[in-house]
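*Asks:* One structure is given below, represented as structure tokens, and several questions about it will come after.
The values are calculated or read from the model by the stated rules, or taken from the named source; none is laboratory data. In this text, all values refer to a predicted model and were calculated from it rather than measured experimentally. Because the Cβ atoms are built from the backbone with ideal geometry, glycine has one as well, and the counts that use them run over all protein chains shown. Surface areas here come from the heavy atoms of the whole protein model, side chains and all, with no ligands, DNA or RNA. Shrake-Rupley method; radii C 1.70, N 1.55, O 1.52, S 1.80 Å.
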Amino acid sequence: MRPLLSRILYEDRHLLVLDKEVGEIVQEDRSGDASLLRSLRLALKERDNKPGNVYLQAVHRIDRPVSGVVLFAKVDRVLPRLHEQFSTGQVERFYYALVEGHPEAIEGRIESHLFRNAKLNKTFVVRESDPRGQLSTLAYEMVGATRNYTLLRVQLFTGRHHQIRAQLASIGCPVRGDLKYGAKRSLPNGGISLHAFSLQFRQPITGEILHVESPCAFLEMVER
């Protein structure tokens, strides 16, 4: 695993963007494992030689077996402004997903109602009439393919729990390595082939449009 501070993709006085690796949890959960948030606070405290506690909050999360871009707020006044950008669809989010099989269309839009079962830690596609479901939307385009896999570039419009994993599985294309959603086999590192590739948002203080990307390790696995 690369040193934590070497994985900072962007930083200014108000926010920080980090390249998360497979297996890291963004915030504490029931596992009790050390979180990326806690480790990053300690690393920044040491780097900047700060005598007190370091303020740092995760603006959003990506799943433990997923890699890629994660945004953190370094001052409390920008956190609600960044949350508002996410909740109102102002943030552009793109992922790469290497999936089993091949979708029927080379590009498409998936709209479905998703329900999160917290006990199972799994998300299910439910009928539109099911009051538990939340409308969820993504778009995908095929980037390349092999005999058994397809590389998709996915734009996420809503940020539901396990949304990309559940919706791609619903069209018969589970993410490579994602046993929870129907993949045939796991990967040696315990991860899945889903990578948060880019994030575009507005710097909440200066108004500047920021676009941050994280290199994707499995892009070269398919012909494009």
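*Asks:* Return the residue satisfying two criteria in turn: it lies in region 30-56 and is surrounded by fewer than 17 Cβ atoms within 10 Å (Cβ to Cβ) and closer than 14 Å to Leu15 by Cβ, and of such residues it is nearest to the chain's Cα centre (by Cα).
*Replies:* Tyr55
*Asks:* Something else now. Can you report the number of residues in region 202-224 which are on the phi < 0 side of the Ramachandran plot and either at pLDDT 95 or above or polar (S, T, N, Q) (or both)?
*Replies:* Final tally of qualifying residues: 12.
*Asks:* Kindly establish whether Ala196 is open to solvent by less than 30 Å² (accessible area, probe 1.4 Å), outside any loop (DSSP other than H, G, I, E, B), of a type in the set (A, V, I, L, M) and in contact with a Gly (Cβ under 8 Å, 6 or more places away or on another chain).
*Replies:* Working: open to solvent by less than 30 Å² (accessible area, probe 1.4 Å): yes; outside any loop (DSSP other than H, G, I, E, B): yes; of a type in the set (A, V, I, L, M): yes; in contact with a Gly (Cβ under 8 Å, 6 or more places away or on another chain): yes.
Against the criterion (open to solvent by less than 30 Å² (accessible area, probe 1.4 Å), outside any loop (DSSP other than H, G, I, E, B), of a type in the set (A, V, I, L, M) and in contact with a Gly (Cβ under 8 Å, 6 or more places away or on another chain)), Ala196 qualifies.
*Asks:* Any residue at all in region 128-137 that's in a loop (DSSP other than H, G, I, E, B), touching a residue at least 60 places away in the same chain (Cβ under 8 Å) and out of contact with any strand residue (DSSP E or B) (no Cβ under 7 Å at 6 or more places or on another chain)?
*Replies:* No; the residues of region 128-137 include none that is in a loop (DSSP other than H, G, I, E, B), touching a residue at least 60 places away in the same chain (Cβ under 8 Å) and out of contact with any strand residue (DSSP E or B) (no Cβ under 7 Å at 6 or more places or on another chain).
*Asks:* Also: Can you confirm whether region 91-106 contains a residue that is closer than 18 Å to Ile209 by Cα and either basic (Lys, Arg) or in a loop (DSSP other than H, G, I, E, B) (or both)? Spell out the reasoning first.
*Replies:* Residues of region 91-106 closer than 18 Å to Ile209 by Cα: 91-94.
Cutting the leftovers down to either basic (Lys, Arg) or in a loop (DSSP other than H, G, I, E, B) (or both) gives us 91, 93.
Looking for residues that are closer than 18 Å to Ile209 by Cα and either basic (Lys, Arg) or in a loop (DSSP other than H, G, I, E, B) (or both), one finds at least one in region 91-106, hence yes.
*Asks:* Is there any pair with a first residue in region 36-53 that is touching a residue at least 24 places away in the same chain (Cβ under 8 Å) and in a helix (DSSP H, G or I) and a second that is charged (D, E, K, R) and open to solvent by less than 70 Å² (accessible area, probe 1.4 Å) whose Cβ atoms are under 8 Å apart and which are 6 or more apart or on different chains, and what are they?
*Replies:* Leu36/Lys20; Leu36/Glu24
*Asks:* Can you pull out every residue in region 54-76 that is charged (D, E, K, R) and without any contact (Cβ under 8 Å) to a residue 24 or more places away in the chain?
*Replies:* Result: Asp76, single match.
*Asks:* Any idea which of Asn189, Asn121 is under 19 Å from His60 (Cα atoms), surrounded by fewer than 16 Cβ atoms within 10 Å (Cβ to Cβ) and within 18 Å of the chain's Cα centre (by Cα)?
*Replies:* Being under 19 Å from His60 (Cα atoms), surrounded by fewer than 16 Cβ atoms within 10 Å (Cβ to Cβ) and within 18 Å of the chain's Cα centre (by Cα) holds for just one of Asn189, Asn121, which is Asn121.
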